[in-house]
Amino acid sequence: MPAVGLTHISKSFGSVKAIDDVSFTVEKGELFGLLGPNGAGKTTSLRVMLDIFKPESGSVAILGGPMNESKKDHIGYMPEERGLYQDIPLERCLVYLGSLKGLSPAEVKQRAAGYLERFDLAAYKTKKVKELSKGMQQKAQVIATLLHQPELLIVDEPFGGLDPLNTQMVKDLLLEQHQQGVTIILCSHQMHQVEELCDRIVLIDHGKVMLYGVLNDIRRQFSGHAVTVRTSDKIPPLKGVERLEPLNGAVKLHLSPGTEPQEVLRSLVAQNVNLDQFEISMPTLDEIFIRVVQGQAEVA
Amino acid sequence: MTKLWHVVWHEYRRHVFTRRFVLAGLMSVPLIILVIVGLIFLIFALDTNTTPLGYVDYSGLLANPVSAPAPEWPDRSVQILRFETEAAARSALDAGRIQAYFILPADYLSNGRLSVVHLGALKDPARTQFYNFLTANLLRNTDPLIAIRLVKGTELVVQSPDGSRSISSKNWFDVVIPMVAGIAFVIAMFSTGGYLMQAVVEEKENRTMEVIITSVSPNQFMAGKIIGDTAIGLTQIFLWMVFIVIPILAFRNSMSILRGIHIAPQTLLLLVCVMFPAFIMVSALMAAIGATVSEAREGQQMVAMISLPIWIPYMLTGLLMSNPNSPLALGLSLFPLTAPLTMLMRDGLTILPVWQIALTASIQVISAVGAIWLAGRAFRLGMLRYGKRLKWREVFARN
């Protein structure tokens, strides 16, 4: 049974259709990427998923059925628009947010202590939240999301506003949660982060699902007909190669239709070219994203 | 249900245990009362000159004078000295040993005429003490009970036919207390309602709302806030009462005026049945305003739409006092926003029929429930409107 399932969801605000017939599922224990440019409908999809917004059509199943109050205690949500109570001490703020997830104040204090130590915030627990830096508040928000040990973790742009060190810390924390079997939905427009962490993705643009599936399958789907070769020798003219394109110290060979990469490899070996690297060119998620989004813009 | 109480406690603790609440919310009314009482004492002190008074008696009335009863605190006693001649009295006046002297002519008893000589202004407390001294000596051979009655005058008590209510001509506190209680409730209502509105706007402004509503239902959250806000208001009123009741109990033995202070059971009934639901109604309306606006300043402007009607009865005090049972008074008693103050003001001035109390209380309870519904709806629709105001039209729309 999937952890989350959205089936033909549509939601409009006035005359603007925020999401249109969106369907995808997130399996239990999976680290799933929800991608899209700004304004694509990612956050609306999350809010529909969390029952903050009611969809006009379609259905949502979360943790085995429709959303209810008891399920809220098993979900950790870190929205993109982050915020904590500014005029109270950090620990009291965490105790309140934790108590709304069904924890006792003692449990929250005990659990928060470890996280505060890990995120270098232990010395600030009695300080008012407004006295903390933006980065510290961001880390405090991560702690508030994880305190109740959720089964399903939904994080919207978790790396926004973090320096490289803290980005790595949050990334490690997400991987740790993933290893512990927590289902994670990572919503972001930072493709390299998603590429590094997620196995499956859905890409939404203009409220519609543009890509959905296993990340490697999608990359293969967009790989085109080219190979990347790294060599110190000069590449001779090869049958079936239409043109050469320098690429970060290597050369990308664009193949003519019907030419197989193995034929090109055989030709290179036959002509005694010393190869340091030979691989089928796979686009990065960034490249796929740009191609899909630009293609969508052209269609629009 | 537990989450609701977490919201209540968070709301209560966040506002009550703050310097702002202690200074502005809690100390404001006691401080005002303290300043007023202080001013009264200052006026008394400035008005009372304890330099002795003198008299020259040609009538023989004060040949062997008896003393008048000592004046009641905070008035201070003024010594009254006898002089044999006007020249001796004048000399004492010029020397500043007395502040004035009275001359009782030989025919004083037949025409009641006497004269007074003073250099500076002769203030009322000293004059009154001399007149009390004179009255005491005029009545020295009368039955003491009659003498006391003549000095103290008559107390007229107006009583309802069933004997349940009465108002004394000497105890104006019966008229004032319900009005003051009403005003205190309304002040508390708006100061704590203001906290609630601000809290809702802040939660929108600092984006905590989205996290909260994925933890607790909007209805529970709103109910928790309203209960918390009402508890803050009741705390405020309770502590005001403590500040007021303690000095009354402390001084009631030395100030007879304080002995007349008591709260009628009907006033308490009105506070519970009319004021309490009105408190909840105003809190809910303030929360609804907080949910619809995008910043606190914008909300303050909208609060006027509620506060203005609530204060209308106070502005119409003259009309309500001259005719507390007029159709206008009845109309104001039935309209949810004007009813709280109108009913409390009328309570001190007339005998309110039971049906009117019951009807007003029912209307207030229904209005409070309606306001909670409205707040819940405005909250659900407006909670994620960042930087954009929710239109009231949308709140009342069908879906």
>> Averaged across orientations, what area in nm² does the convex hull of the alpha carbons in chain A project?
In response: 19.5 nm²
>> What are the extents of the Cα atoms of the range A:83-148 along their three principal axes, in Å, largest first?
In response: 28, 23, 18
>> I'd like the Karplus ³J(HN,Hα) series for the range A:23-38: coefficients 6.51, -1.76, 1.60, θ = phi - 60°, whole numbers in Hz, and an x wherever there's a Gly or Pro.
In response: 9, 6, 10, 10, 7, 4, x, 8, 9, 10, x, 10, 10, x, x, 4
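Taking the convex hull of the alpha carbon atoms in the range B:262-399, what volume per residue do you get, in Å³? Let's see the in-between values first.
Working: hull volume 16.3 nm³, N = 138.
Hull volume over Cα atoms, normalised by residue count, gives 118 Å³.
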> Once the Cβ-Cβ distance between residue B:266 and residue B:369 is put in as r, and R0 is 25 Å, what FRET efficiency do you end up with, to the nearest 0.05?
Replying inline: 0.50
> Once phi is turned into θ = phi - 60°, what whole-Hz ³J(HN,Hα) does the Karplus curve with 6.51, -1.76 and 1.60 give for every residue of the range A:191-208, x standing for Gly and Pro?
Replying inline: 4, 5, 5, 5, 4, 6, 9, 9, 9, 10, 9, 10, 10, 10, 9, 6, x, 10
> Of A:57, B:100, B:285, whose Cα points farthest to the positive end of the dipole of the protein assembly as shown (charges on the beta-carbon: +1 Lys, Arg; -1 Asp, Glu; origin at the Cα centre)?
Replying inline: B:100
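Can you give me the Kirkwood hydrodynamic radius for the range A:107-245, using every pair of distinct Cα atoms, in Å to one decimal? Kindly include the intermediate steps, with their values, before the conclusion.
Details: mean 1/r = 0.0540 Å⁻¹.
Evaluated on the range A:107-245, it is 18.5 Å.
Out of the DSSP beta bridges found with both residues in chain A, what percent are antiparallel (nearest 5)?
On the way: 34 of 52 bridges.
Percent antiparallel among DSSP bridges in chain A is about 65.
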> Distances over 20 Å make up what percent of all Cα-Cα pairs in the range A:45-168?
Replying inline: 46 percent
> How well do other chains shield peptide A:74-87, expressed as the mean number of their Cβ atoms within 10 Å of each residue Cβ?
Replying inline: 5
> What pairs from A:17/A:208; A:72/A:130; A:54/A:101; A:28/A:71 go past 19 Å between their alpha carbons?
Replying inline: A:72/A:130; A:54/A:101
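Can you run the Rg to Rh ratio on the range B:207-320? Use alpha carbon positions and the Kirkwood inverse-distance Rh.
Working: Rg = 19.3 Å, Rh = 17.6 Å.
Ratio of gyration radius to Kirkwood radius: 1.10.
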>> Sequence gap of 8 or more, or different chains, plus Cα separation below 27 Å: how many lysine pairs satisfy both in chain B?
In response: 10
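Under DSSP H, which helices of chain B have Cα atoms covering 20 Å or more of the helix axis and a Kyte-Doolittle average no less than -1.0?
Values: long enough: B:2-16 (21 Å, -0.89); B:28-47 (28 Å, 2.76); B:124-138 (21 Å, -0.40); B:173-205 (47 Å, 1.12); B:218-251 (50 Å, 1.39); B:276-292 (24 Å, 1.88); B:296-315 (28 Å, 0.46); B:354-382 (41 Å, 1.18).
TM-like helix candidates: B:2-16, B:28-47, B:124-138, B:173-205, B:218-251, B:276-292, B:296-315, B:354-382.
Sort A:49, B:281, B:321 by Cβ crowding within 10 Å, fewest neighbours at the top.
Values: A:49 26, B:281 29, B:321 16.
The most exposed by this proxy come first: B:321, A:49, B:281.
Across peptide A:110-121, what mean number of C-beta atoms from other chains lies inside 10 Å of a residue's C-beta?
0
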>> Run the simple label-point estimate for residue B:20 and residue A:27 please: 7 Å along Cα→C-beta, distance reported in nm.
In response: 5.2 nm
> Non-local amide H neighbours of residue A:208 (under 5 Å, H modeled in plane, Pro and chain starts lacking H): which ones?
Replying inline: A:20
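Of the chymotrypsin sites (Phe, Trp or Tyr not before Pro) in the range B:291-399, which ones lie in a loop per DSSP and count no more than 10 other C-beta atoms within 10 Å? Let's see the in-between values first.
Working: sites: B:311, B:314, B:355, B:373, B:379, B:386, B:392, B:396; in loops: B:386.
Sites meeting the loop and neighbour criteria: none at all.
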> From the backbone phi of the range A:75-81, what are the Karplus-calculated ³J(HN,Hα) couplings (6.51 cos²θ - 1.76 cosθ + 1.60, θ = phi - 60°) in whole Hz, Gly and Pro given as x?
Replying inline: 10, x, 10, 10, x, 5, 7
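Can you divide the C-alpha Rg of the range B:188-252 by 2.2 N^0.38 Å and report the result to two decimal places?
Working: Rg = 16.7 Å, N = 65, 2.2 N^0.38 = 10.7 Å.
Taking the Cα Rg and dividing by 2.2 N^0.38 Å, one obtains 1.56.
Using 0.36 nm per residue, how much length does the chain from residue A:179 to residue A:15 gain when fully extended, once their Cα-Cα distance is taken away?
Details: separation 164, 0.36 × 164 = 59.04 nm, distance 4.27 nm.
This chain segment gains 54.8 nm when fully extended.
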>> Treating only the Cβ of Lys, Arg, Asp and Glu as charged (+1, +1, -1, -1), what charge dipole size does the range A:83-148 show about its Cα centre? Round to the nearest 20 debye.
In response: 60 debye
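Exactly which GluC sites (Glu not before Pro) in the range A:39-119 are in a DSSP loop and have at most 14 other Cβ atoms within 10 Å?
On the way: sites: A:56, A:69, A:80, A:81, A:91, A:107, A:117; in loops: A:56, A:80, A:81.
Within the range A:39-119, the qualifying GluC sites (Glu not before Pro) (loop, at most 14 other Cβ atoms within 10 Å) are A:56.
About its Cα centre, how strong a charge dipole does the protein assembly as shown have in debye, to the nearest 20, once Lys and Arg get +1 and Asp and Glu get -1 at the Cβ?
1300 debye
Only Lys, Arg, Asp and Glu count, each charged at its Cβ (+1, +1, -1, -1), so figure out the dipole size of the range B:52-153 about its Cα centre, rounded to 20 debye. Let's see the in-between values first.
Numbers: 10 positive and 9 negative charges, 34 e Å.
For the range B:52-153, the charge dipole is close to 160 debye.
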>> If you average the C-alpha positions of the range A:60-81 and of the range B:56-130 separately, how far apart do those two centres end up, in angstrom?
In response: 89 Å
>> Given Cα positions, please report Rg to Rh for the range B:52-153, the hydrodynamic radius being the Kirkwood one.
In response: 0.96
> Counting other Cβ atoms within 10 Å, which chymotrypsin sites (Phe, Trp or Tyr not before Pro) in the range B:36-114 have at most 15 and lie in a DSSP loop?
Replying inline: B:58
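Ranking request for peptides B:342-349, A:176-183: highest mean number of other beta-carbon atoms within 10 Å first, then the rest in descending order.
Details: B:342-349: 25.2, A:176-183: 15.1.
So the order, starting with the most tightly packed, is B:342-349, A:176-183.
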> Across peptide A:98-104, what mean number of C-beta atoms from other chains lies inside 10 Å of a residue's C-beta?
Replying inline: 5
> Where the convex hull is taken over the Cα atoms of chain B, what is its projected area averaged over directions, in nm²?
Replying inline: 26.8 nm²
>> Sorted from largest to smallest, which semi-axis lengths in Å does the alpha carbon gyration tensor of the protein assembly as shown give for its equivalent ellipsoid, taking the root of 5 times each eigenvalue?
In response: 86, 27, 19
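None of the figures in this text is laboratory data; all of them are computed from the coordinates on show. This one's a predicted model, so the numbers in the text were calculated from it and none came from an experiment. Heads up, the Cβs are rebuilt from the backbone with ideal geometry, glycines too, and the neighbour counts pull from every protein chain shown.
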